[in-house]
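Heads up: the structure comes next, in structure tokens.
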Amino acid sequence: MSNAQKFSWDFDVPADAFWSSLPFSTGRNFLQCFDPADIEIMSPQFDASLPIENKNRLLLRLTQQKLAVEEDAAQRSGEGRLYEKDWVAWQNLMLAIVTTQHELGLLADEERTLQTMLDHPKPGQSKNYSALNMMARLYDANGRYAEAEQALLEVKAWMEEHPQIGRGSPPAMGNLRMLLEAVWKQGNHEEATGIYMDMKSLVDRMDKTNFAQYQEEEREMLEGLMETLRKWEDAQQASGI
């Protein structure tokens, strides 16, 4: 795997006890906001013995502080808001913030952050599709499955046409897993099964693509999702919903 191809969504998160206890996306989204020198200065705060909630609260506080400093610097420079001066830096900070808000279950804060991201798409783009994809996850958590499906279909089309993402890539597969879940939870099992079969075919052929290194992980996540959805359906029926 050391010789595996690197993609834009890959990131070398430290394998120490602090970062290994958190989801990969939490570490990546936080670390990409800071220079290595900044991480080194903050490293004494990354106490592996902290409870998971406290780790997430620490990362949230540090990214919010960084955003405040960068916003102040942007406005002092006369270049407007940070998203006007450096959209990528702003997007990365917002992504790190919303990721920890999600992990902490701060749903109202998460929705506000995502809406701010949606209000400010990348210059030249009509929408902030990364934020829309995450908003769909929030819709699902709130039982708004039809809205989640609509958002995910928009993101699906964008991802499949994106030259650095494309159909069958891990980000596109993640989008399809959420779409499968949203469709299933609306009771459209035949359509959901069709999405599952399409995804299974993509996974089965993954070893013949540039994404071969992700094949087993994608297979496990897909089958794990189907098991979770069947249990969810059984629970719904048992409760008479």
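Of the candidates Gly194, Gly174, Gly240, the single residue that is on the phi > 0 side of the Ramachandran plot and either over 20 Å from the mean Cα position of the chain (by Cα) or not β-branched (Val, Ile, Thr) (or both) is Gly240.
Restricted to segment 66-89, and to residues there that are of a type in the set (A, V, I, L, M, F, W, C) and closer than 24 Å to Gln125 by Cα, the residue that is surrounded by the fewest Cβ atoms within 10 Å (Cβ to Cβ) is Val88. Taking segment 183-207 as the range and being surrounded by fewer than 18 Cβ atoms within 10 Å (Cβ to Cβ) and either in contact with an Asp or Glu (Cβ under 8 Å, 6 or more places away or on another chain) or in a helix (DSSP H, G or I) (or both) as the test, the residues that pass are Gln186, His189, Glu190, Glu191, Thr193, Gly194, Met197, Asp198, Lys200, Ser201, Asp204, Asp207. Going by what's in this entry, would Lys208 be described as among the basic types (Lys, Arg), under 24 Å from Gly105 (Cα atoms) and over 18 Å from the mean Cα position of the chain (by Cα)? Here the answer is no, as Lys208 does not meet what is asked. Six or more apart or on different chains, Cβ under 6 Å: which pairs go from a residue in segment 220-241 that's surrounded by fewer than 10 Cβ atoms within 10 Å (Cβ to Cβ) to one that's at pLDDT 95 or above? Could you list them? Correct list of pairs: empty, since none qualify.
The criterion of at least 1 residues that are without any contact (Cβ under 8 Å) to a residue 60 or more places away in the chain and under 26 Å from Met135 (Cβ atoms) is met, among helices (runs of 4 or more DSSP H) falling completely within segment 1-114, by 24-31, 52-76, 82-85, 87-103.
Let's see how each residue does on (1) surrounded by fewer than 20 Cβ atoms within 10 Å (Cβ to Cβ); (2) among the aliphatic types (A, V, I, L, M); (3) without any contact (Cβ under 8 Å) to a residue 12 or more places away in the chain:
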position	(1), (2), (3)
Ala141	yes, yes, no
Ala148	no, yes, no
His162	yes, no, yes
Glu181	no, no, no
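Within the span defined as segment 173-190, one or more residues are basic (Lys, Arg), over 29 Å from Leu59 (Cβ atoms) and touching a Phe, Trp or Tyr at 6+ places or on another chain (Cβ under 7 Å). Among the residues that make up segment 117-130, is at least one of them touching a His at 6+ places or on another chain (Cβ under 8 Å), more than 26 Å from Asp16 (Cβ to Cβ) and surrounded by 13 or more Cβ atoms within 10 Å (Cβ to Cβ)? Yes, because at least one residue in segment 117-130 is touching a His at 6+ places or on another chain (Cβ under 8 Å), more than 26 Å from Asp16 (Cβ to Cβ) and surrounded by 13 or more Cβ atoms within 10 Å (Cβ to Cβ). Determine which single condition Asn142 fails, assuming it passes every other condition in (1) assigned by TED's automatic domain parsing to the domain that holds Glu191; (2) under 25 Å from Ser21 (Cα atoms); (3) out of contact with any helix residue (DSSP H, G or I) (no Cβ under 7 Å at 6 or more places or on another chain). The number of the failed condition is (2).
The values are calculated or read from the model by the stated rules, or taken from the named source; none is laboratory data. Small disclaimer: the values here were computed from a predicted structure and weren't measured. Reconstructed Cβ throughout: ideal geometry from the backbone, glycine too, with neighbour counts over all protein chains shown.
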